[in-house]
Amino acid sequence: MRKQASVVITVIFFLSLTFAFYQISSSYNYMENKYDYTNPINESSANESVPQHYIKDTKNETGAINVVTAIVVEYRGFDTLGEVTVLFTAATGVGFLLYNLYSRKKNKREANLILREGSKIVLPFALLTGAYIFIHGHLTPGGGFPGGSVIASGFLLMMLSYPKFFMNEKRLSVLESLAGITFVLIGLFGLIFATYFLQNYLNLGNVGYLISAGIIPLIYIAVGFKVGSELASVIQNLKEVQE
Amino acid sequence: MNGVIMASYFTVASLLSIGLYGVMTKRNLMKIFISLSIMDTGVNLMLITIGYLPGGTAPIENANFAKYVDPLPQALVLTAIVIGVSVTALALVLLIKYHSKKGTLEYKGGMKW
Amino acid sequence: MIEFTIIAWVMSFLAIASALYAIKTKDLLSAAISMGIASLVVSIMFLLLQAPDVAITEASIGAGLTMAVFIYAIGKTERWEE
């Protein structure tokens, strides 16, 4: 009885979603015209839509070529600070809840030869790729969040191939705290040297070069270190716990 | 209507429906979390698809292109994915504590919904 | 553009098939792995929708870290659903 009711509810949900998506996608022509909207009376673009403003003015306002990076760090930087705080709270909760169950097992099964030797070769390139991704976040696709997760995946590979691989918890938490403090301090310097929190007060430089876009690369490097160390410590906590 | 948009909207509707069915009918807590994770992927794909403009390119400034997709949903989804994995890890840790107390993962209460 | 449409439909059916298998099977380990396959396939759809930043993140987190977290948790609890 309940199974049939669930199937009926699921089918109704699917059909209504399909109808809603059909309505949304048939209004694409309208949206496309709206992207080029200018006020016909005084020829000003004060009423332009938000994506149009981002695409047109990001290069002049922030100096970053990648618009997604400019939005994450510059236009909505305070929101990113909140997201990083959520990440920190979740990692702390994992460590806190597993405190009683935490112990290192003595005898674990070894991985096979190909995984062990291959991970030795792959790990430096994984770390280098992650660092490249978060340093060049304002020029190419990527940034702190993808770069940090690539670094955490590299450490996951080491944990899979060497069961005794262990990262120092204290050093990880120190690194994570330093990255968080750097983020907040850069924002507070904006309050001191300029007008508001997280304002881009440095010189924008040559647009399109590595050293440009003011505080965006600095903040994204801090975010990359923070995300990488937090995700690695979460996975290590989950791996080392004993039932 | 563009074929890529149609395919991704079909994927979104299917993933959300499959996840909803799993959450409603399964009694194993790990299976419920797997269903919620599938729904998470579907919601991210929906946000990206709404911001897509047919014929546009990725929002990285280039003199050769004139039309770009909407960058704002991409910025939101970028952080939402990272938050999703940490919240999933916290939920699974609670699940491990539950299993060490009760010895099972099945929900054996009365009415599920 | 017809090749993009074909790739998008193939990826769509792969994602739906692996999600259905993840719901249907009684083996939780297979369910976690097919959920990771669905995330990996969806990341290719992100690339087709012109979102390369999101595609990098989803490929490394959805297919790598989420699956690893689930597999470690299944190893600490139990593998088979009743």
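Think of chain A as having a plus end and a minus end, set by charges on the Cβ of Lys, Arg, Asp and Glu; of A:GLN52, A:GLY143, A:GLN236, A:GLN236 sits farthest toward the positive end of this dipole. Coupling constants for region B:26-31 follow from the phi torsions by the Karplus curve (6.51 cos²θ - 1.76 cosθ + 1.60, θ = phi - 60°), and in residue order they are 6, 10, 7, 5, 5, 5 Hz; glycine and proline get x. Overall form of region C:2-76: oblate. Here a/c, set by the Cα gyration tensor axes a ≥ b ≥ c, is 1.5 or more, and a/b is not larger than b/c. Helical runs assigned H by DSSP (4 residues or longer) give chain B a calculated mean residue ellipticity at 222 nm of -24000 deg cm²/dmol, each run adding -39500 (n - 2.57) before division by the residue total. The mean number of Cβ atoms from other chains found within 10 Å of a Cβ in peptide B:65-73 is 6, as a whole number. Between A:LYS170 and B:SER100, the FRET efficiency from the beta-carbon distance, with R0 = 30 Å, is close to 0.70. With a sphere of radius 14 Å drawn around the Cβ of B:LEU47, what net charge do the other residues whose Cβ falls strictly inside it have (Lys, Arg +1; Asp, Glu -1)? Once positives and negatives cancel, what remains is -4.
Each eigenvalue of the Cα gyration tensor of region A:152-195, multiplied by 5 and square-rooted, gives one semi-axis; in descending order these are 36, 11, 4 Å. Residue by residue along A:89-95, Cβ atoms of other protein chains within 10 Å of the local Cβ number 4 on average. For region A:150-243, the gyration tensor built on C-alpha atoms gives a prolate shape. Its axis ratio a/c (a ≥ b ≥ c) is at least 1.5, and a/b is the larger of a/b and b/c. Residue exposure proxy: B:HIS99, A:HIS53, A:HIS138, ordered by other Cβ atoms within 10 angstrom of their Cβ from fewest to most, comes out as A:HIS53, B:HIS99, A:HIS138. Using θ = phi - 60° in the Karplus curve 6.51 cos²θ - 1.76 cosθ + 1.60, the 3J(HN,Hα) couplings for region A:124-137 round to x, 5, 5, 5, 5, 5, x, 5, 4, 4, 8, 6, 8, x Hz; x is entered for Gly and Pro. Our note on the geometry: Cα centres of region C:47-64 and region A:104-159, 16 Å apart.
Here the ratio of the Cα radius of gyration of region A:82-184 to 2.2 N^0.38 Å is 1.25.
Comparing mean-square fluctuations of A:ILE219, A:ILE151, A:ILE186 from a GNM of chain A with C-alpha springs under 10 Å, the top value falls on A:ILE186. A Förster radius of 35 Å, combined with the Cβ-Cβ distance separating A:SER26 from B:ASN64, puts the computed FRET efficiency at roughly 0.70.
Seen from all directions on average, region B:3-102 presents a Cα convex hull projection of 7.5 nm². Would you compute the Debye intensity of the protein assembly as shown from its alpha-carbon atoms alone, equal scatterers and no solvent, and pass along log10 I(q)/I(0) at q = 0.07 Å⁻¹ to two decimals? Result of the Debye calculation: -0.37.
Give me the distance between the Cα centres of region A:167-216 and region B:82-99, rounded to whole Å. Value for the Cα centre distance between the two parts: 30 Å.
Largest GNM mean-square fluctuation among A:THR58, A:THR89, A:THR18, using chain A with Cα springs under 10 Å: A:THR18. Figure legend: label point modelled 7 angstrom from the Cα of A:ARG116 along Cα→Cβ; residues of region A:146-189 with amide N under 13 Å from it are A:161-165. For chain A, the pair-distance distribution built from all alpha carbon pairs, in bins 5 Å wide starting at 0, is 1, 6, 10, 12, 12, 11, 11, 11, 10, 8, 5, 2, 1, 0, 0, 0 percent. Taken about its Cα centre, chain A carries a charge dipole of about 1380 debye when Lys and Arg each add +1 at the Cβ and Asp and Glu each add -1 at the Cβ.
Extent along the principal axes, Cα only, for region B:1-59: 45, 22, 10 Å, with the longest axis given first.
Values quoted throughout were computed directly from the atomic coordinates according to the rules given, and no laboratory measurement underlies them. Please read all numbers here as calculations on a predicted model, not as lab measurements. For neighbour counting, all protein chains shown are included, and Cβ atoms are generated from backbone atoms with ideal geometry for every residue, glycine included.
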